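We did not get these values from a lab; they are worked out from the coordinates using the rules stated. Predicted, not measured: the structure shown is a model, and the values here were computed from it. Note that each Cβ is placed from the backbone with ideal geometry, even for glycine, and that neighbours are counted across all protein chains shown.
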Amino acid sequence: MSQTSVLTGVTPPQTAAQVEARGARPKPFFTPRKIIIYSILVMFSLYYLFPLYVMFTTSLKSMPEIRFGNIFALPQAPNFDAWVRAWTSACTGLTCQGLAPGFWNSVKITIPSTIVSIFIAAVNGYALINWRFKGSEIFFAVLIFGSFIPYQVFLYPMVMITRELGIFGTLQAVIIVHTVFGMPILTLLFRNYFASLPQELFKAARVDGAGFWRIFFEIMLPMSLPIFVVALILQITGIWNDFLFGVVFAGTQNYPMTVQLNNIVNSAQGTPEYNVNMAATVLTGLVPLAVYFISGKWFVRGVAAGAVKG
Amino acid sequence: MADTALPLEAGTTVNRPGLLNRIFLHNLPAKIAALPMMATVLVVFVGCTVWTIYYSFTNSKLLPTGKFIGFEQYERLFSTSRWNVSVSNLIAYGLMSLVFTLVIGFVLAVLIDQKIRFESAFRTIMLYPFALSFIVTGLVWQWIMNPTLGLQGTLRNLGWTGFTFDWIANPRMVLFALLIAGLWHGTGFCMVLMLAGLRSVDDEIWKAARIDGIPTWRTYVSIVIPMMRGVLVTAVVIIGSGIVRLYDLVVALTNGGPGISSEVPAKYVYNYMFSGGNIGQGLAAATMMLLTVLIIMIPWAYLEFGGKGRRT
Amino acid sequence: MKKFAVVAAMATALLGSTAVMAAELEVTHWWTSAGEAAAVAEFARVFEETTGNTWVDSALAGSGTGANPVIISRIIGGDPMGATQMNTGRDAEELIQAGLIRDLTPIVDEMGGLGFYVDPTLLEPCTYDGKIYCLPVNIHSWDWLWLSTAAYEKIGQPVPKDWNEYVASWPALEAADILPFGLATGWPFSGIPGVLMSGIGGSDLVLAINRDKSADAVRGPEFRKVAEALDSLRKVISPETMVPSFGDVGTQLLEGTAAGNIHGDWLQGDLQVAGGVPGENYECLPALGLGDKLTGGGDSFYFPVLPAGTDQAVIDAQAALAKTLISPEAQLAFNLKKGSMPIRTDIDLTGANACMQKALVLLKNGLLPSGDFALSSDTQQQMQDLNTEFLDDDSITVDDYIERYASIIESAE
């Protein structure tokens, strides 16, 4: 499936840039076609990398330097003051605790929400492919349709539902909301993935008399690592990045990091401190970025496995 | 539809099942396991949708307690220029975003699929924005597009005084500003999906095409792309649902401005339901969004689910 | 620490213990700008010092879109805060009807009534079926023209004494590369038409439109002058020179890069935090220097009904906070920091700065109902959409503006 072209750097011509720099030494490997390909890819890479560069350098600059107005420039005297301020002492109203409390709240929300939503979606996908029942496809179709509805539509009735369940303003409420709204895409991924697995194994297990859960835990799960990784990344990043559900359902004592980011950036007290804002932005983005960079290859492999079958 | 699993079920259902049995007991564990999904579908997606439609015909203000007033909310909706601007913005942005995301995603995937070096480095660079939230995306691009301290100011300070990049403050260009940020966030994911699709195409097909002397671009267009149907569907579902929901990015990047030139429907819904304290109006707008999605989705759903038992 | 305190408060609340006398009370509000936050800190200080309870601050950025949905959904969802700032008017009325807001009448009776309010109309939005459900804590008025002394020094002219002189100075300002009017993006523009209406159109026009919802008054000659003034104003504003927040406009005024701004009294809090002194660094003209009454209303606090089983100490703390907010001590401390008018004048206001003194004189003539208190938030949202569009799109003529304004007023309840 994948050509596993991990960055090895063993083979002679080290980088494309070097080769171009060495100019017109015609080597069959570097055809004009390859040069075009690499230049397009490098151009796009610059587009993708520029904001990251700007975010980091701005957060390391001092305010006078920022006001000088050169976003390309590296910080003259890089320092982490803005980061420390953003983390420990940036203010919203009277509360000046920075992002730190929000970080832990986000952890408290993300871990259970991710586990519950993925488990339920995996079971859904499995049931939809291997244990169809009358109407199961209709449920799935409505579910996919649901993924197109703006969340704002559900906000009000969901408040009423969680109130009736007596869990409004608690962690349970956020977990349920994330499970419900993560369900369409995750179920789609798991369903497609299970459809791509060979059905013979499942049928053999059925003949041996294995039941719903036994097959799920003993046969399907061990084969599903790639798609679980995809689901994990989608959910961890998605839930970590969520603002709307956190602010409405979690209750004040559980406000996630994104809510505090918004409070810090938008509650301008005096002149906006762009370096602190950018530091807060970077800090909020660090967790999903880390998750993504650590699991990058797995993610790609998992998407490949999950998305191909329609 | 249920027939695929039925023969295997024979051992457990000795007596010929009656209708009730068929509905409730057939594949019972699967049904129990699927209860959360059924609950979600019935209570949230169907229940809340019906609730939304019902209350869009009332004059509810802050609480859903209003009286039935027929189509008044809709009449007002369509005579409101902010709503009409929101709709045309969403159509313009949506079409551009869908086309560019698919095309850029596909082209990048094809380029990366040319047995190039540093494939995983390129992939990583292109995909990382997807891990960031729209709030973060919006804040960074807002900073880059800041007329005095961002890209424009920098290049002018460096001596290129005629350089203009004021899209964020220019009503005619602001949708393109949104597009730049939106594409930055989403094209990498589309590229990964497309790459997966390309890699799933059998090498034999490529060999056969080469032997027949079909040019590479034609092989892509008339053989490979049709074979990638599954990936394309997934990609369109994911991109499309993101477009209809477009909200966070607008709020973080432009907040609907300048003027109302980058307003979108989801923002209208939110503003009138919560800060405007007019639930009826917000829900009427939401219902129109639902209707639009339905019109787009029904043909697709028919294609996707109409042919029963297509899959083994 | 603070988080632990909240958890502890919840735990005691759940246990229904009555042993604890002092309680923690969560207060939500959207006063997050520099001057506002400093003012809220005064409320918290007085509350904690005089009652022994703890103010748990829960500030939410972004009043309309950020804070309001959270506040309302928490009250509806059964997770109410101890006290909250909230837009008065029809919205709150529905929460009151639903029995979600605490009736403050017994507390008020205990205090011997609210006769000390400077204008009884302030209490109208809080009164429902003869009972009091909220307490205005300050007079919130948009009716200010702020002028930069530095800018007028640069062009060598005296600081204008009223709107007409100010308009006359625009060409000189533009020639000197000074922005005649500084403006922040978003909602601040929406407050301006109301100010022009009272200053240029006069008290009768404000009453006819905001109170009597008369579309004929909108179509009349007086309002046309207002719309024309707004039109001339938008001609000196360009999107490129707009700044992100109203606090930035304050900075522009102090620097002298912008000459004037129409913005509510809370701008003064920010000017003061930035070291500005009225009369030296900036000048202020209430009612544009033309009118003799201010338009305005009260920023109000509501006290939601707490769920059954809540610790009595917390419920008592609500009452204690209600009394504190309108007490002379808290009123003085809060309003001096915020730059707004107190709701009572039976306090020693010699500490008030020059701008507040000017406003206190006008306050004796009574208040005019401003749009943000007399109109429903639905109507206000429509007005805001119209104003935002008008500012941005020059193809909307003064006639269009008047007609659309009139039709919004016609449909207002």
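A simple spin-label model places pseudo-atoms 7 Å from Cα toward Cβ; at A:V84 and C:E153 they are separated by 3.6 nm.
Hey, in the GNM for chain B with a 10 angstrom Cα cutoff, which one of B:L158, B:L246, B:L149 fluctuates hardest? Largest GNM mean-square fluctuation: B:L158.
Excluding B:M145 itself, calculate the net charge of residues whose Cβ lies under 13 Å from the Cβ of B:M145, where each Lys or Arg counts +1 and each Asp or Glu counts -1.
Taking every Cβ under 13 Å from that of B:M145, the sum is -2.
Rank C:A330, C:L147, B:F189 by how far each Cα sits towards the positive end of the charge dipole of the protein assembly as shown (+1 on Lys, Arg Cβ; -1 on Asp, Glu Cβ) and give me just the farthest. It is B:F189. Converting phi to 3J(HN,Hα) with the Karplus coefficients 6.51, -1.76 and 1.60 and the offset θ = phi - 60°, the range B:62-67 yields 8, 10, x, 10, x, 8 Hz in sequence order, with x at every glycine or proline.
Excluding same-chain neighbours fewer than eight residues apart, the aspartates and glutamates reachable from A:K108 by a Cα-Cα span under 18 Å are A:D242.
Charges at C-beta only: +1 for Lys and Arg, -1 for Asp and Glu. How large is the resulting dipole of the protein assembly as shown about its Cα centre, in Debye rounded to 20?
On the way: 65 positive and 79 negative charges, 1095 e Å.
With only Lys, Arg, Asp and Glu charged at Cβ, the dipole is about 5260 debye.
Annotation note: trypsin sites (Lys or Arg not before Pro) in the range C:336-413 located in DSSP loop regions with a Cβ neighbour count of at most 13 within 10 Å are C:K364. With no solvent and one equal point scatterer per Cα, compute the Debye intensity ratio I(q)/I(0) for the range C:350-406 at 0.15, 0.18 Å⁻¹ and report its log10, rounded to two decimals. One equal scatterer on each Cα of the range C:350-406 leads to -0.67, -0.76.
Listed by chain and number, the lysines whose C-alpha is less than 22 Å from the C-alpha of B:K31, apart from same-chain residues fewer than 8 away, are A:K134, A:K203, B:K308. For the range A:169-182, putting each phi into the Karplus relation 6.51 cos²θ - 1.76 cosθ + 1.60 with θ = phi - 60° gives couplings of x, 10, 4, 4, 4, 5, 4, 4, 4, 5, 5, 5, 7, x Hz, in residue order, rounded to whole numbers and with x for Gly and Pro. Shown for C:D231, C:D392: other C-beta atoms within 10 Å of each C-beta, ranked fewest to most, produce the order C:D231, C:D392. Scattering from chain C was approximated by placing one identical point on each alpha carbon and applying the Debye formula without solvent; log10 I(q)/I(0) at 0.10 1/Å stands at -0.69. Modelled this way, with points 7 Å down the Cα-to-C-beta line, the labels at B:T292 and C:E240 are 3.3 nm from one another. In the range A:100-307, the ratio of gyration radius to Kirkwood radius, Rg to Rh, stands at 1.04 when only Cα atoms are counted. Each Lys or Arg adds one and each Asp or Glu takes one away; over the other residues whose Cβ falls under 12 Å from the Cβ of A:E273, this sums to +2.
As an equivalent ellipsoid, the protein assembly as shown spans semi-axes of 52, 36, 27 angstrom, where each value is the square root of five times an eigenvalue of the C-alpha gyration tensor, largest first. For the range C:232-246, backbone nitrogen atoms closer than 15 Å to the point 7 Å from C:V398 Cα along Cα-to-C-beta are found at C:232-236.
For chain B, modelled as a Gaussian network with Cα springs under 10 Å, which listed residue fluctuates most, B:R123, B:R210, B:R76? Most flexible of the set in this elastic network: B:R210.
For the pair B:I214 and B:I53, a Förster radius of 56 Å applied to the C-beta separation gives a FRET efficiency near 0.65, rounded to the nearest 0.05.
Panel order for B:K67, A:K34, A:K134, by other beta carbons found within 10 Å of each beta carbon, from fewest to most: B:K67, A:K134, A:K34.
Relative intensity of the range C:203-284 on a log10 scale, I(q)/I(0) at q = 0.19, 0.20 Å⁻¹, equals -0.90, -0.92, per a Debye sum over C-alpha point scatterers of equal strength in the absence of solvent.
The shape of the range B:72-306 comes out oblate: with a ≥ b ≥ c from the C-alpha gyration tensor, a/c is at least 1.5 while a/b does not beat b/c. With the simple spin-label model, which puts each label point 7 Å out from Cα in the Cβ direction, the A:A77 to A:D208 separation comes to 7.0 nm.
FRET efficiency for the pair B:R199 and B:L35, taken as 1/(1 + (r/R0)^6) with r the Cβ-Cβ distance and R0 = 30 Å, rounds to 0.25. Sorting C:D346, C:D119 by the number of Cβ atoms found within 10 Å of their own Cβ, with the fewest placed first, yields C:D346, C:D119.
Among the listed pairs C:K337/C:K364; B:K61/C:K337; C:K235/C:K358; C:K154/C:K235; B:K61/B:K267; C:K225/C:K338, give every one whose C-alpha distance is greater than 25 Å. Spell out each step's value before the answer.
On the way: C:K337/C:K364 22 Å; B:K61/C:K337 35 Å; C:K235/C:K358 30 Å; C:K154/C:K235 22 Å; B:K61/B:K267 18 Å; C:K225/C:K338 32 Å.
Pairs exceeding 25 Å: B:K61/C:K337; C:K235/C:K358; C:K225/C:K338.
Once the Cβ-Cβ distance of A:L286 and B:I91 is raised to the sixth power relative to R0 = 41 Å, the FRET efficiency obtained is 0.70. Listed by chain and number, the lysines whose alpha-carbon sits under 19 Å from that of C:K323, ignoring those within fewer than 8 places in the same chain, are C:K131. Close amide H pairs (under 5 Å, H built 1.01 Å from N) link C:G296 with C:L368, C:S370, residues at least 5 positions away or on another chain.
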